[in-house]
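One structure below.
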Number of protein chains: 2
Amino acid sequence: MPPPSIAQILQDEILSGALPPGTPLSQADLAMRFGVSRIPIRDALAKLSATGLITASPNRTATVLKMTRDEVIEAYNLRLLLEGDLLARAIPQMTDSHLSAIGYALERSSLEARQSNWAEGDRMFHDAIYAAAGQPRQQAMVNDLRRICCIQIAGYNQLTRNTDRWLTDHQRLTNACRAGNLRRATRILRRHLNGARNHLLREMDRKTTRPA
Amino acid sequence: MPPPSIAQILQDEILSGALPPGTPLSQADLAMRFGVSRIPIRDALAKLSATGLITASPNRTATVLKMTRDEVIEAYNLRLLLEGDLLARAIPQMTDSHLSAIGYALERSSLEARQSNWAEGDRMFHDAIYAAAGQPRQQAMVNDLRRICCIQIAGYNQLTRNTDRWLTDHQRLTNACRAGNLRRATRILRRHLNGARNHLLREMDRKTTRPA
DNA sequence: TTATGTATACATGTATACAATCACGGAGGA
DNA sequence: TCCTCCGTGATTGTATACATGTATACATAA
C-alpha cells in the first residue's frame, strides 16, 4: 500500500477537526512540516480546493472552508436533492449482492461511529446504498457535499453529534432498502438530513451569538 | 481588464472544439507555446481538472475529457435534476429586475448563437434564469456539467447543433418565466435537455460505428 | 482625527535544474 | 509465434532560487 498522499493527510485532519474552519494553510509551513518543497504542497492544496474543502484566492493564503449560514442551507438542499434521487434510482435496482454489501457497510460504520474517522464510515455506508443507482459522478458530488458539511460539524463539540440517532437512522434506512420501500427510505433520509442541518445551524448560532 | 489566464484560454479552446476530446495536453508543449515554465501550466491543468474538463492521472499526460455513452447519460440526468430544481426555486422568486435581466441575456445569447463562443452566451442566459433561486453553488455545479456536455458537442459537426430549435427553446423558456408558469417552463426545459442529449448520443453512435 | 503614502516583512507565483517514472521497442528464449 | 525482460527516450514530479504581489505598521499631510 502506498503512503497516503499529502492531500489525503490534510483532508483527514480537516475532517477530523484538527484543522478547524478558517485555519490558514501556509505553503511554507506545510512544506516544512512534510519535509518537501512547496510545489507538491501547491498540488495538494489545488486538490483540496477542487473538492471545496479549502478556499483559495490568488496571492492569498488558503484557509479551511468556513461556510456561512446560507451556504450550509444550500449544501443540505443539494444533498437532499441529489441523495433523494440516488435513493430513488438505487432501490428498484438493488440485488442481494447490493443488500449484503450494505449490511456489511452498516456494521463497519457502526464500529467506527464513535471514532475520529466516523466520516469515512459514513461515506462507505452511503456509497454502498447508492451504488445500485449506477451514477458514479452523482455519488462523487454527494461525497464532496457531505465532506464540506462534516468540516463544519467537526469544528463543534464532538459530543453534540447525536451519534445514537445517527446510528438508528442508518439501521432504519437499511431496513427500508431490504423491504424495497422507497417512500419510507426517502422519508428517513429527509428527516436524517434535516435533523443534521438544523443541529448544525443551532450549533453555529450558539457559537456566533456567544463568541467568548 | 487583466489578460485572460492560461486556464481560461485552454478552456475556451476546448469548448470551441479546437482541442477535441482525447487531445493530449503535454506540459512541455503548453509551456513552450505560452512562453512560460511548466509550473503555471500545471496550475492551469489542475484548474481544468477540477471542473472536469480534462482527465489527469499521476505520471500520465492529461487529455481533454472524452465521455462514454453512460457518462453522457448521467450528465444529462444530473442537469435535468439540478436545473429543474433551480427553475422550481427561481420562478416563484422572480422580480421585474430578474425578468429584465433575463430578457437582456436572451438577446445577447441570440446574437452569439452562431458564433464560436455560443457556449458562453448559453451560460449567461441560464445564469440569468437561475439567479433568482439564490443557490450559487448549485448554479456552479450546473455550469460545470453544461461545460463538459459542450465539449462533446463541439467535437462533432457544428452544423448539426440545431441552432434554430435551441433559440426558440430559450425564447419559450423566457416567456414561461414571464408568465410565472413553472409547469410549462419545466416541460420546456426537460424537452430541451432530452433533445440535446439524444442528438448528442446519435452523433456519438454515428462516429463510432463508422470510424472512418 | 482622518486619510494617504511608504517601508518592511512575509506569502505566493514563477523559472531553472535535476530526479523519478512511464511508454515503447527490440533482443532473447520457450 | 508469442511472451518476457530490459534499455532508451520522453514525460511528469520535485527541489532550489528568484521575482512578484500583498499586508501591516508607521510616518506624514490635510
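Across the range B:1-12, what is the total count of residues that are within 14 Å of DNA strand D (Cβ to nearest atom) and within 14 Å of another protein chain (Cβ to nearest Cβ)? Of the residues in the range B:1-12, 3 are within 14 Å of DNA strand D (Cβ to nearest atom) and within 14 Å of another protein chain (Cβ to nearest Cβ). Scanning the range A:1-50 for residues that are more than 20 Å from B:D43 (Cβ to Cβ) and in contact with a Lys or Arg (Cβ under 7 Å, 6 or more places away or on another chain) returns A:L15, A:P21, A:G22. Checked against (1) more than 26 Å from A:G17 (Cα to Cα); (2) within 11 Å of chain B (Cβ to nearest Cβ), A:D144 passes all but a single condition, namely (1). The number of residues in the range B:82-99 that are surrounded by fewer than 21 Cβ atoms within 10 Å (Cβ to Cβ) and assigned to a helix (DSSP H, G or I) comes to 9.
Within the bounds of the range A:35-45, is there any residue that is more than 10 Å from DNA strand D (Cβ to nearest atom), crowded, with 17+ Cβ neighbours inside 10 Å, closer than 22 Å to B:R38 by Cα and among the charged types (D, E, K, R)? No, the range A:35-45 contains no residue that is more than 10 Å from DNA strand D (Cβ to nearest atom), crowded, with 17+ Cβ neighbours inside 10 Å, closer than 22 Å to B:R38 by Cα and among the charged types (D, E, K, R).
Kindly evaluate B:R79 against the criterion of being in contact (Cβ under 8 Å) with a residue 24 or more places away in the chain, within 13 Å of another protein chain (Cβ to nearest Cβ), away from DNA strand C (no atom under 12 Å from the Cβ) and open to solvent by 60 Å² or more (accessible area, probe 1.4 Å).
Working: in contact (Cβ under 8 Å) with a residue 24 or more places away in the chain: yes; within 13 Å of another protein chain (Cβ to nearest Cβ): yes; away from DNA strand C (no atom under 12 Å from the Cβ): yes; open to solvent by 60 Å² or more (accessible area, probe 1.4 Å): no.
In short, no.
So which residues in the range B:33-53 are of a type in the set (A, V, I, L, M, F, W, C), over 18 Å from A:G52 (Cα atoms) and touching a helix residue (DSSP H, G or I) at 6+ places or on another chain (Cβ under 6 Å), if there are any at all? Outline the logic, then answer.
Taking the range B:33-53 first, the residues of a type in the set (A, V, I, L, M, F, W, C) are B:34, B:36, B:39, B:41, B:44-46, B:48, B:50, B:53.
Now narrow it down to the ones that are over 18 Å from A:G52 (Cα atoms): B:34, B:36, B:39, B:41.
Across the range B:33-53, the qualifying residues are B:F34, B:I41.
Return yes when B:L15 is out of contact with any Asp or Glu (no Cβ under 6 Å at 6 or more places or on another chain), in contact (Cβ under 8 Å) with a residue 12 or more places away in the chain and either open to solvent by 40 Å² or more (accessible area, probe 1.4 Å) or more than 9 Å from chain A (Cβ to nearest Cβ) (or both) and no when it is not. Against the criterion (out of contact with any Asp or Glu (no Cβ under 6 Å at 6 or more places or on another chain), in contact (Cβ under 8 Å) with a residue 12 or more places away in the chain and either open to solvent by 40 Å² or more (accessible area, probe 1.4 Å) or more than 9 Å from chain A (Cβ to nearest Cβ) (or both)), B:L15 qualifies.
The listed residues are A:A18, A:A50, A:A7, and the only one of them that is closer than 19 Å to A:D122 by Cβ and away from DNA strand C (no atom under 13 Å from the Cβ) turns out to be A:A18. Here the range B:53-71 is the region considered, the condition is being more than 11 Å from chain A (Cβ to nearest Cβ) and within 16 Å of the chain's Cα centre (by Cα), and the residue that is nearest to DNA strand D (Cβ to nearest atom) is B:I54.
Of the residues screened, A:G22 is not one that is more than 15 Å from DNA strand D (Cβ to nearest atom) and open to solvent by less than 60 Å² (accessible area, probe 1.4 Å). Filtering the range B:46-76 to residues that are farther than 30 Å from A:G84 by Cβ, among the β-branched types (V, I, T) and open to solvent by less than 10 Å² (accessible area, probe 1.4 Å) leaves B:I54, B:V64.
The values are calculated or read from the model by the stated rules, or taken from the named source; none is laboratory data. Since this is a predicted model, take the numbers as computed values, not measurements. Neighbour counts are summed over all protein chains in view; Cβ atoms, including those assigned to glycine, are modelled from backbone coordinates with ideal geometry. Ligands, DNA and RNA are excluded from the accessible area calculation, which covers all protein heavy atoms including side chains. Shrake-Rupley method; radii C 1.70, N 1.55, O 1.52, S 1.80 Å.
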